[in-house]
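Peer 1: Sharing a structure with you now.
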Amino acid sequence: MAGTLPCPCVRLAQGDRGELASAESDKTLVRRRSAAYARGHGGVQAAGQLPKMTQGVDAAGTSGPVGVPATGRAEATRRHSGGTGATIIETSAATSTSTRALRLVGIAVAYYLGARLGLNLPLVGNDVTPLWPPTGIAVATLLVAGRSYWPAVAVAALAVNLPISATPLAAAVTAVGNTLAPVVAVTLLNRVGFRRQLDRQRDAMAIVFLGALGSMLISATIGSVTLVASGAISVQQLPTAMAVWWTGDAMGVLVVAPFLLCLPLFWEQPRWPTVQWVEGAAILMVATGVVTVASLTDLPILFLTLPVVGWAAWRLQLRGAAPAALIACLVATWSAATMSGPFEGMSLFAQMVTLQGFNASVALTSFFLAALVSERMAAAAALSDAAAELEARVEHRTAQLAAANTRLVQEIHERSAAQELLGHEEARAQREHQIAETLQRSLLPDRLPDVPGVALAARYVPATADLQLGGDWYDVVQLPDGLIGLAIGDVAGHGLQAAATMVQVRMALRAYALQDPSPPQVMLGVHGLVAQLPVPEMVTLLYLVFDPSTRRVRWTNAGHPPALVIGDGAGAFLTGGLSPPIGVTVDGGFTEQTRVLEQGATLLLYTDGLVERRGVSITEGLDRLRREAAAAPADADLESLCDLLLDTFLVEHHVEDDVAIIAMRPAASVDGELTLRLPAEARNLVQVRGALRRWLRENGVPETDVNEVLVAAGEACANVVQHAYSAQADAGDLDVEARLGDGGLEVLVRDHGQWRPAADRGGGWGLQLMEALMDGVDVEQTPGGTEVHLHRRVETGVSRE
Amino acid sequence: MSDLARIEARRTGPAHVVHVTGEVDLSNAQELTDAVARDVPDDVTLVVLDLTGTTYVDSATIATLFRLSSRLRERRQELRLVVPPDSPIRAVLELTHLSHVIPIDEQPYAVPSEPPEPPELPEPPAPRAPGGVDQSSG
């Protein structure tokens, strides 16, 4: 910086000024420029044109720099961005007409007063001025208020120069230069993005090199050339004059402009607390004191001012440094002008160099240091902000993680709850399965009842693929008059519901059959029950009634595969008696069909699982069943027959559907003899009587004889039941044999147990009745059991059918 | 087997009439007479067992009928039987001399036209029943 002051910096003041150019030039042009500038630089500059701006203008010289209320700025921004450029021009021009004039006057007055001050600080007589404040005033006010206020500068410059110039023309030309320099300075500063807060190094560099040293070459060149042209100085004096002019203007910018620019900061930036005001006042007082003392004493200690200015810059930045620098420069300049203190006895050149060096050092130190500290503080603030933001982000992220964790925990809970529910569901399904299985077992007893006169066998094979229980079922019911009911059916569906339906259908069928064994009647009853179920099911049902005494079978078939009759190496289906499945039609119309089974024939009932195969028609399946069943050995008992059929038709480990089978074969009378073997239980007495009754009737024994023989044989059997096996837990066998011969009827009742001594409950009557009703009663007791032989003469004139 | 026989009771005038249908033997006799005794109201003086629909009885049945009779007598209630002449159980009843203890009528019970007789004295086993139970078989 010091290097930029190569020559004696003398301000040529009075008498060197040119004429003043007309300030009242094209106002339209001014407005247009202003609007264009506002468009280019946003609300801050546009706000300078708001009416409110002018109210703070102080005519005393602080003039231009007036704070922009935040609301006003925002309003201007909004208005600007919302409308067209033309609208903004007219609006700002219209609203600021009166206040603008006021501000123009204010700026002009400030400029003029600054010039008078400058002229009062001459180094030599009234001619040499080392500090020219008006340029600083012009730069600062045009920076804050906008370049459109240049006419005020122009008018004031003309007013200043007119009395001290050789001719009005010279004054005007000089004024043009004095106006052009600040305008160019402001233009350049705006171009590089200068911030009047001066809080960055680049702002400090910009105002030093562009605002002060660069732009002021214009005014210095124009001014000094004008001096030469007007004949005020010689051509040889041109460099010197130019150098003096230049340094004076530059110092004016460096010293005054920062001070003026710092003033708005007092309300634009965070307000100072009282402590800082106290500190600021103290700094100013110390600075004033130090520079005053240094200026008055003979000792060359002006440099002591620098630490004070540095202190101000460090502590208070521009707001402390600029006033301190201004005061220091003014005092030093005044001291040089009065030739007092360190300047006493100095040559003019030494004075100039010393003063300008001091002023430059103070100015540069002040706002470079201030900018440096501002930058540091901004950086610290940015760091702090960044840290705060980081902390906020960490907190935010932590919160997010916590939320995610909470969600995860909740999800885990929900999942485990669902799992538990699933477990319950599974357990429920398993329970249902168990219940259904229990029901199924109760429906399908392992052992069929012993029914005298017929042989029975049954099988049930659940599906392997589907672990659910099927709806297949069968039943054998012993009916009054020795009739035997056979039922086989299939309830649609699986599981508990189907099993429950099966139970109800089975029970209903039993009840209806006992009431009236007629197949259509039984079907009608079951139909009525199924129709009333809460969930109506489709039930196929084949119901037959077999009369062993006549070997006649009557049946009704509700949608079930037909029963098969096997005999003499051939098979035939019991077709007819058909109706739709129960539960399908609203009212069941049931008919029955009858047929007499041949001696030794076998009746086979089954469910569709036996004959239905994927890809094989039902007709083919039925044909195959008929062939295979007919081909079975004629002497095979029913158990073997069932096993044979299952082996033939079912693939092991892969039963697609449940299979149920019942086989029934009327007991063949072997040579007219009856042979029975049953457990010796009270409930079987009726079976014995039934079988014996049938046999007697078949053999043509008269009814009166039948009744009495039944009583006698019944007593013998009852004795076996009561006494033969009382010493052991399980009932043994009761054998009954009967034959008709020439000598009459022989009935043998045999047991394999040990009799207790007689004289039990009513025991006396048993033997009494036997003896009364029969012609002969013999009781043989052996270690292996007891035999009772009953003999009676009967008429057997009627031969067996 | 409870399927073997059914009982049906109803109040007829001063009597409690029970119809027994089916066969009665060792397997259900006790159960059946227990059921009859249980259902007899306290305010009747006569219990009639109508065995018209009964097709079979055995000695165990006879024994339980004796016991039923004595139980009712303790309650000062009379037991009578109805058995048609052609009933298949007639022979057993006669051979066991049941009628010596329990009166047996051939006709179904009907409400007497005149007021009922005052309660009769407890009846010791009569030496001979007045009815025409006189058929024997060789």
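A short reminder: the numbers here are calculations on the coordinates, not readings from a lab. Only a predicted model underlies this, so the values are computations on that prediction, with no experimental measurement involved. Neighbour counts run over all protein chains shown; Cβ positions are idealised from the backbone, glycine included.
Peer 1: Averaging sequence separations of C-alpha pairs under 8 Å and six or more residues apart, then dividing by the length of region A:674-792, give the relative contact order as a whole percent.
Peer 2: 28
Peer 1: For region B:59-72, take each phi angle, set θ = phi - 60°, evaluate the Karplus expression 6.51 cos²θ - 1.76 cosθ + 1.60, and give the result in whole Hz per residue in order, putting x for glycine and proline.
Peer 2: So the J values, rounded to whole Hz, are 4, 5, 5, 4, 4, 5, 5, 4, 5, 4, 4, 5, 4, 5.
Peer 1: Also, I was wondering about something else. How would you rank A:705, A:481, A:475, going from fewest to most other Cβ atoms within 10 Å of each one's own Cβ?
Peer 2: A:481, A:705, A:475
Peer 1: Another one. Per 0.36 nm of contour for each residue apart, how much would the distance between residue A:221 and residue A:350 grow if the chain were fully extended, relative to their Cα-Cα spacing?
Peer 2: 44.0 nm
Peer 1: Taking +1 at the Cβ of each Lys and Arg and -1 at the Cβ of each Asp and Glu, which of B:65, B:77, B:102 sits farthest along the dipole of region B:5-105 towards its positive end, judged by Cα position relative to the Cα centre?
Peer 2: About the Cα centre, the residue reaching furthest to the positive side is B:77.
Peer 1: Nearest 0.05, what FRET efficiency do residue A:598 and residue A:677 give at R0 = 22 Å with Cβ-Cβ as r?
Peer 2: The pair residue A:598/residue A:677 has a calculated efficiency of 0.30.
Peer 1: Still on this model: In whole Hz and in residue order, list the ³J(HN,Hα) couplings for region A:783-790 that follow from phi through the Karplus curve 6.51 cos²θ - 1.76 cosθ + 1.60, θ = phi - 60°; x for Gly and Pro.
Peer 2: The phi angles translate into x, x, x, 10, 10, 10, 9, 10 Hz.
Peer 1: What chymotrypsin sites (Phe, Trp or Tyr not before Pro) in region A:329-412 are in a loop by DSSP, with at most 13 other Cβ atoms within 10 Å of the Cβ?
Peer 2: Counting only loop positions with at most 13 other Cβ atoms within 10 Å, none of the chymotrypsin sites (Phe, Trp or Tyr not before Pro) in region A:329-412 qualifies.
Peer 1: Sort region A:189-306 into rounded, prolate or oblate with this rule: let a ≥ b ≥ c be the square roots of the eigenvalues of the Cα gyration tensor; rounded if a/c is under 1.5, and if a/c is not under 1.5, prolate when a/b is larger than b/c, oblate otherwise.
Peer 2: Since a/c reaches 1.5 but b/c is at least a/b, the shape of region A:189-306 is classed as oblate.
Peer 1: Quick one: net charge around residue A:637, please, counting Lys, Arg +1 and Asp, Glu -1 for every other residue with C-beta under 11 Å from its C-beta.
Peer 2: -2
Peer 1: Give me, ordered by chain and number, the residues 5 or more places off residue B:53 or on other chains with an amide H under 5 Å from its own placed amide H.
Peer 2: Amide H to amide H, under 5 Å and 5 or more residues apart or across chains, residue B:53 pairs with B:20.
Peer 1: Report ³J(HN,Hα) in whole Hz for each residue of region A:388-398, in order, from the Karplus equation J = 6.51 cos²θ - 1.76 cosθ + 1.60 where θ = phi - 60°; Gly and Pro get x.
Peer 2: 4, 5, 4, 4, 4, 5, 4, 4, 4, 5, 4
Peer 1: Can you sort A:725, A:111 by how many other beta carbons sit within 10 Å, fewest first?
Peer 2: In order of increasing Cβ crowding within 10 Å: A:725, A:111.
Peer 1: Rounded, prolate or oblate, given the Cα gyration tensor of region A:502-602, with a/c below 1.5 counting as rounded?
Peer 2: prolate
Peer 1: Another question, if that's okay. Please report the Cα spread of region A:674-792 along all three principal axes, rounded to whole Å, starting with the longest.
Peer 2: 40, 25, 23
Peer 1: Going by the alpha-carbon gyration tensor, a ≥ b ≥ c the square roots of its eigenvalues, is region A:445-666 rounded (a/c under 1.5) or, if a/c is not under 1.5, prolate (a/b greater than b/c) versus oblate?
Peer 2: Oblate shape, in that a/c is at least 1.5 and b/c is the bigger or equal ratio.
Peer 1: What number comes out for the charge environment of residue A:526, summing +1 per Lys or Arg and -1 per Asp or Glu over other residues with Cβ under 15 Å away?
Peer 2: Local charge sum for residue A:526: -4.
Peer 1: Sequence-distant or interchain residues sharing an amide H contact under 5 Å with residue A:454, placed H: which?
Peer 2: For residue A:454, whose amide H was placed from the backbone, the distant partners under 5 Å are A:667.
Peer 1: Continuing with the same structure: According to a simple spin-label model (label point 7 Å from Cα along Cα-to-Cβ), what is the distance in nm between residue A:779 and residue A:742?
Peer 2: 3.2
Peer 1: Just rank A:628, A:592, fewest to most, by other beta-carbon atoms within 10 angstrom.
Peer 2: Listing A:628, A:592 from fewest to most nearby Cβ atoms yields A:628, A:592.
Peer 1: Further question on the same structure: In debye to the nearest 20, how big a dipole does region A:270-443 give about its Cα centre with +1 on each Lys and Arg Cβ and -1 on each Asp and Glu Cβ?
Peer 2: Taking the Cα centre of region A:270-443 as origin, the dipole is about 300 debye.
Peer 1: In nanometres, what is the gap between the two model label sites at residue A:338 and residue B:71, each 7 Å from Cα along Cα-to-Cβ?
Peer 2: Between residue A:338 and residue B:71, the simple spin-label model gives 15.1 nm.
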